[in-house]
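Everything on this sheet refers to the single structure shown next.
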Amino acid sequence: NHAFPPVWASAIPEVPDGARRHDVANKQLADWVVRIALLTRPDEVVWCDGSDEEWNRLTTEMTDAGSLVRLDPGVHPDSFLARSDPDDVARMEDRTFICSRSEADAGPTNNWRDPADMHTELNALFAESMRGRTMYVVPYSMGPVGGAISQVGVQITDSPYAVISLSIMTRMGDDALAVIGPDTDWVAGVHSVGYPLRDRDGLRRDDVPWPSNPVKYVSHFPEERAIWSFGSGYGGNALLPKKCFALRIASVMARDEGWLAEHMLLLKLTSPAGRAFHIAAAFPSACGKTNLAMLRPTIPGWDVETIGDDIAWLRPGDDGRLHAINPEAGFFGVAPGTSVQNNPVAIDTMRKHTIFTNVALTEDGEVWWEGKTDEPPAHLIDWRGQYWTPASGTPAAHPNARFTAPIEQCRTLADDWYEADGVPIDAIVFGGRRASNVPLVVDTGDWEHGVFVGATVSSERTAAQEGRVGELRRDPFGMLPFVGYDMGDYWQHWLDVGAALGSGAPKIFQVNWFRQDEEGAFLWPGFGENSRVLAWIAGRVSGEAEAVDTAIGEVPAPGSLDVTGLGLGATVLQSLLDVDPVAWLEECDRTEEFFARFGDRVPGRLRDELARLRERLAGA
Ligand code: GTP
Ligand code: SPV
Ligand code: MN
């Protein structure tokens, strides 16, 4: 029991205002907040309560400081525009790290770093990184507060933009904090934009509208259930409950506990006869999840209701079926391409209490993006804050511009969203953005072939992540950037979950809305017309829709896909469903190369599926 050396005592930093809370039941949480405050040295610490007063205070402060623009309240009440730094516009996959103890556990698709080394690096970056700022402590629940499938977490951040975004995207504040008892497991997230306003000598610098740091890290410690993110304020880099927790960390929890954490939308489809089908669909980023989740059916008598648009947690239930929840409470949806014509539900959802990021601004305080209207306005302020005209030759909105809006503002929200035990899943759908080869819809036949199809999905890159748009890459289950462990083990886990479910397992389908003709025009009208494909999928589940065999699975039999009124020529429908054996044998070669990256961690069953596919193609 040493006396504290007096020379050190004078150097002991004071705990910033607000950090200590004695009413927090979880001692680790209370201690952690103090520790992070001592590391990052903010001027004050604020525990967020999730109240309207808090939203109003933060949005007013940010508007006054110039980091938000208040939109015309007559058009978009209580809504704001944020413009990011031009170097901070999307997830950065090359700055995303999985710091598992063993490198092999991260697998070849993740950047791995030794956890101790990464902590050393991060401690240096986070040291005093919040000087001159407020540190917010944001408790949240993923899924209904207290629900059996739900999880809690706490994000520390110096970004008020992250706080207001989290208040929309999660059940955030006092209710979530209240369920963190002395022994509750919670996921820790530390986030700093890395732009202190004061140095240790007290020298001040002015804030900027979108503070960030050229040095960026999005680091995950799966065994600690912890996330540390530095330098970026954008989307999945900064809203830690989303991709970092609900996918990368949760996928590890799910592997250990026998469930699935997936990049999936959830919807409820009701047939004219009144039968409900619950569908989960995994597409890579910016490949149509939000649009499918909000779809307005064009075929009479069918209805679609929204449960989620980005993330699903799925668990085998006592009834032997797979039950899913959407752990989120809001949408962080792609704005460009969204119009009253193709997604009226989204447009309606973002009418009020919405944060728009990197869209363009009209002179009457309205928002605009490419595809919102056929003709752009004559002049705008673009996403960089510059005067813009159609002659500018640059996009007015960033291609990864987004809206952040509460799910409860969605007029097609299903009551199921509130269901803490989730909904039983009837069909799982895998998709991607493919100009050729992949048909409009395929019934994969059985779970193992379905997992093979999911594991081998390839898709053209979009603006949702930094990198070259359009390049074809493998994106298994739409989860390439989100699986927090070895990809081969993840495929095996999917096989194991299916084996445990047995006959209760959902049917698995593949879709592709993006097949093109020789001129590069989409063959399929998409959006609301995708209801025709959903109806066929439901028909396969209920045993009412006819299919014909192809080498890659079953496609709609002539007449079984309702295309009435679409004016599609017979040859177009044929091209949409065509399976070219030569092209598919080449796909098989690519798949073999892809599997080679994972060595002996590729499940034998998937290699068998590849061999069988080759045999069928050779015979076709
Ligand atoms: P993340 O939020 O990044 O995970 O993406 P998401 O999968 O939710 O993508 P989203 O629904 O926002 O779609 C992104 C882009 O795909 C938009 O530009 C849409 O216009 C376009 N898109 C969506 N559905 C369709 C469709 O059926 N056909 C065509 N041609 N384009 C579509
Ligand atoms: C995605 O990229 O898949 C998104 C956006 O949904 S982000 O939250 O930034 O990851
Ligand atoms: Mn996503």
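Some points to look at:
- Test for Gly520: is it on the phi > 0 side of the Ramachandran plot and not in a helix (DSSP H, G or I): yes
- Here the condition is being within 27 Å of Ile381 (Cα to Cα) and of a type in the set (A, V, I, L, M); of Leu292, Leu361, it holds for Leu361 alone.
- Close pairs from the range 465-488: first at pLDDT below 85, partner of a type in the set (Gly, Ala, Ser) and surrounded by fewer than 21 Cβ atoms within 10 Å (Cβ to Cβ), Cβ under 8 Å, at least 6 apart: Val469/Ala463
- For the range 489-533, residues that are within 12 Å of ligand 1 (Cβ to nearest atom), hydrophobic (A, V, I, L, M, F, W, C) and surrounded by fewer than 18 Cβ atoms within 10 Å (Cβ to Cβ) total 2.
- Taking strands (runs of 3 or more DSSP E) as the structural unit, those lying wholly within the range 15-109 and holding at least 1 residues that are in the same structural domain as Arg198 (by TED's automatic domain parsing) and farther than 16 Å from Thr134 by Cβ correspond to 96-98.
- Among (1) surrounded by fewer than 24 Cβ atoms within 10 Å (Cβ to Cβ); (2) in a loop (DSSP other than H, G, I, E, B) - the single one Ser232 does not satisfy: (1)
- Test for Ala463: is it among the small types (Gly, Ala, Ser) and either away from ligand 1 (no atom under 14 Å from the Cβ) or in contact with a strand residue (DSSP E or B) (Cβ under 8 Å, 6 or more places away or on another chain) (or both): no
- The lone exception for Ser129 - which of (1) within 22 Å of Ala238 (Cβ to Cβ); (2) modelled with pLDDT under 95 it fails: (2)
- Of the residues making up the range 191-250, those that are of a type in the set (A, V, I, L, M) and closer than 16 Å to Arg83 by Cα number 3.
- Hits in the range 351-376 (condition: of a type outside the set (S, T, N, Q) and touching a residue at least 60 places away in the same chain (Cβ under 8 Å)): Arg351, Lys352, His353, Ile355, Phe356, Val359, Leu361, Asp364, Gly365, Glu366, Val367
Table: residues versus (1) in a helix (DSSP H, G or I); (2) loosely packed, with under 15 Cβ neighbours inside 10 Å; (3) touching a residue at least 12 places away in the same chain (Cβ under 8 Å).
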{"site": "Ala535", "(1), (2), (3)": "yes, no, yes"}
{"site": "Arg540", "(1), (2), (3)": "yes, no, yes"}
{"site": "Asp549", "(1), (2), (3)": "no, yes, no"}
{"site": "Glu554", "(1), (2), (3)": "no, no, yes"}
{"site": "Leu561", "(1), (2), (3)": "no, no, yes"}
{"site": "Gly567", "(1), (2), (3)": "no, yes, no"}
{"site": "Leu576", "(1), (2), (3)": "yes, no, yes"}
{"site": "Glu586", "(1), (2), (3)": "yes, yes, no"}
{"site": "Asp589", "(1), (2), (3)": "yes, yes, no"}
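- Filtering Ala127, Ala148 for residues that are closer than 20 Å to Ser219 by Cα, in the same structural domain as Gly194 (by TED's automatic domain parsing) and surrounded by fewer than 20 Cβ atoms within 10 Å (Cβ to Cβ) leaves a single hit, Ala127.
- Condition check for Arg321: within 19 Å of Trp494 (Cβ to Cβ) and away from ligand 3 (no atom under 16 Å from the Cβ): yes
- The sole residue among Asp256, Asp207, Asp183 that is in a helix (DSSP H, G or I), more than 20 Å from the chain's Cα centre (by Cα) and modelled with pLDDT of 95 or more is Asp256.
- Test: Ser271 is within 16 Å of ligand 2 (Cβ to nearest atom), at pLDDT 95 or above and hydroxyl-bearing (Ser, Thr, Tyr): no
- Scan of the range 253-272 for residues that are out of contact with any His (no Cβ under 9 Å at 6 or more places or on another chain) and closer than 15 Å to Leu534 by Cα, ordered by number: Leu265, Thr270, Ser271, Pro272
- Checking each residue in the range 267-292 for being within 12 Å of ligand 1 (Cβ to nearest atom), over 18 Å from Gln510 (Cβ atoms) and not polar (S, T, N, Q) picks out only Ala286.
- Val334 being within 23 Å of Leu440 (Cβ to Cβ), among the hydrophobic types (A, V, I, L, M, F, W, C) and within 16 Å of ligand 3 (Cβ to nearest atom): yes
The values are calculated or read from the model by the stated rules, or taken from the named source; none is laboratory data. Keep in mind that what you see is a predicted model, and the values were worked out from it rather than measured. Quick reminder, even Gly has a Cβ in these numbers, built from the backbone with ideal geometry, and neighbours come from all protein chains shown.
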